[in-house]
1. On the basis of being out of contact with any Gly (no Cβ under 6 Å at 6 or more places or on another chain), in a helix (DSSP H, G or I) and buried (at least 16 other Cβ atoms within 10 Å of the Cβ), does residue 50 make the cut?
2. Under 8 Å between Cβ atoms, at least 6 apart or on separate chains: pull out the pairs that start in region 64-88 with a residue that is closer than 30 Å to residue 139 by Cβ and of a type in the set (S, T, N, Q) and end on any residue that is exposed (fewer than 14 other Cβ atoms within 10 Å of the Cβ) and at pLDDT below 95.
3. Tell me, which residue of region 73-91 that is over 19 Å from residue 191 (Cα atoms) and modelled with pLDDT of 95 or more is surrounded by the fewest Cβ atoms within 10 Å (Cβ to Cβ)?
4. Every residue in region 199-214 that is basic (Lys, Arg) and over 13 Å from residue 189 (Cα atoms), please.
5. Checking residue 114 against (1) modelled with pLDDT of 95 or more; (2) crowded, with 17+ Cβ neighbours inside 10 Å; (3) assigned to a helix (DSSP H, G or I): exactly one of these is not met. Which one?
6. Any residue at all in region 193-213 that's of a type in the set (Val, Ile, Thr), in contact with a Ser or Thr (Cβ under 8 Å, 6 or more places away or on another chain) and surrounded by fewer than 17 Cβ atoms within 10 Å (Cβ to Cβ)?
7. Run down 23, 33 and say which single residue is within 25 Å of residue 169 (Cα to Cα) and assigned to a strand (DSSP E or B).
8. In region 166-183, which residues are touching an Asp or Glu at 6+ places or on another chain (Cβ under 9 Å) and closer than 28 Å to residue 12 by Cβ?
Amino acid sequence: MSCSINLKELTYSNSSKEVFKNVTLDVSHEEKVAIIGANGSGKSSLLKIIVGLMKQSSGEISLFHEKMNSLKDFKIYRSDIGYLPQDVNDHFLCPTVIEDVMFALRAKGEKKDEAYLKACSMLEELGISHLENRNIYDLSGGEQKIVALAGILITKPRILLLDEPTNALDEDAEKRIIDILNSIKKSMIIVSHHKTFIEKLAPTVYKLTKEGLNRI
């Protein structure tokens, strides 16, 4: 089975310390894996490194069997990787739900009418059509997470990197996110500290420590 992501002996150090070292991981096509770890263990940093927002200190990253030698190399795969940050408030670029979900398509040059129809279809698929004309910042935390996910999925990425997708959500919103992610056949790396959430979504779980990544 082909691999979407290959990490080999990644090490990351910030200005004050070595955060983690010897992180090796292979994520196969449509495989879902979860990463847990203590606060400050570098889980969010690892996702940012994989998506090309940060540079590792040492080690190798390959996407779809192509080695990423510099941050510039990630550009050709930008639309293939959907990254959901832990705090989605900084993720939104437009005031209303429909405008924000359309944004990525419009930025790629799609006509407004075509982008609108695709965005409406995505809202319907995720069960949030009723939010179409709502102001994003008037939504609940769970609704914002789903809208952010809609804006990512509309570009049809092959990989999803999700950083605490259910953080601070109520039980109903968490269940909705679980249902959505279980219905998606894509390679995923999910960072979460919610044990029950992970158990319902990712069959493979790793723990990140200063010494590396270990399957549990």
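1. Working: out of contact with any Gly (no Cβ under 6 Å at 6 or more places or on another chain): yes; in a helix (DSSP H, G or I): yes; buried (at least 16 other Cβ atoms within 10 Å of the Cβ): yes.
Yes; evaluated as a whole, the condition is true for this residue.
2. Pairs that qualify, where the first residue is closer than 30 Å to residue 139 by Cβ and of a type in the set (S, T, N, Q) and the partner is exposed (fewer than 14 other Cβ atoms within 10 Å of the Cβ) and at pLDDT below 95, are 79/108; 79/156.
3. 73
4. Taking region 199-214 first, the residues basic (Lys, Arg) are 200, 207, 210.
Scanning region 199-214 gives 200, 210.
5. (2)
6. If we filter region 193-213 for residues that are of a type in the set (Val, Ile, Thr), which is where we start, we get 196, 198, 204-205, 209.
This time we only want the ones that are in contact with a Ser or Thr (Cβ under 8 Å, 6 or more places away or on another chain), so: 198, 209.
Next, from what is left, pick out any that are surrounded by fewer than 17 Cβ atoms within 10 Å (Cβ to Cβ): 209.
Taking every residue of region 193-213 in turn, at least one turns out to be of a type in the set (Val, Ile, Thr), in contact with a Ser or Thr (Cβ under 8 Å, 6 or more places away or on another chain) and surrounded by fewer than 17 Cβ atoms within 10 Å (Cβ to Cβ).
7. 33
8. Matches in region 166-183: 166, 167.
The values are calculated or read from the model by the stated rules, or taken from the named source; none is laboratory data. Quick caveat: nothing in here was measured; it's all calculated off a predicted structure. With ideal geometry, Cβ positions are generated from the backbone for all residues, glycine too; neighbour counts draw on all protein chains shown.
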